[in-house]
Amino acid sequence: MTNPSNYSTANNAALASGDLLTQLEHQAVLQGEKPAIVYHANASEHADQQTTNTRSLSFNQFYSRACSTALFLQQQWRLEKNDRIAWLGFNHPDMFVLLFAAARLGVVVVPLNWRLSNSELEYIVSDCAPKYVIHDEQHAEKAALCVASTS
C-alpha cells in the first residue's frame, strides 16, 4: 500500500480517472482501520427479527480482500476484461468486494435479484452468459437450477 505522504494534488487528479480498486486503495491509505462497511450479520435472512450482530470491514480489510479476490478471479478463474460473472444472493459485503475486484480487471458483475422466479433468472443468465454464477449459501439451489437450464 502507498504511503499517505506520497499523495499530492496531481495524484488526486489521477485517482479521479482510476478504477474502483484504485479509489479504495486511496481511501485505505487515508482511512486505514476506520470502518468502510458496517452491516448486520444475517439481517437479510431474518428481516423479521431484531439482531445485534453488527460487524464491520475496515478500509484496509476491504482493500486487502478486494485485491485478493481480483488476483483469484484473474489467476484461478482466468477472467479477462469484458467477461461476465453473476451474483445471486442477499446484500453482503462480499458482493461489494467482488464488485471492486471485478472492476480492477474490467470484468462485468451482473447482480441477480434473489426474489426473481427461476424462469426470470434463467432468462437473465442465458442473456448475459456469465462465465460463473456466484451465490451465497441460501441461494445455492436456485443458482444451480438457473445454470443447469442454460447449459
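The numbers here are math on the coordinates, done by the rules we state, and not lab data. No experiment lies behind these values; they were computed from the predicted model shown. Quick reminder, even Gly has a Cβ in these numbers, built from the backbone with ideal geometry, and neighbours come from all protein chains shown.
Residue separation of S126 and Q138 scaled by 0.36 nm, minus their Cα-Cα distance, works out to 2.2 nm of gained length.
How many percent of all Cα-Cα pairs in segment 30-140 sit more than 21 Å apart? Result for the distance tail: 44 percent. Across every direction, the projection of the convex hull enclosing the Cα atoms of segment 68-125 has a mean area of 4.0 nm². Cross-link reach is defined here as a Cα-Cα straight distance under 29 Å, omitting same-chain residues fewer than 8 places apart; for K81 the lysines meeting it are K131, K142. Placing dummy labels 7 Å off each Cα toward the beta-carbon, the span from W77 to R115 is 2.6 nm.
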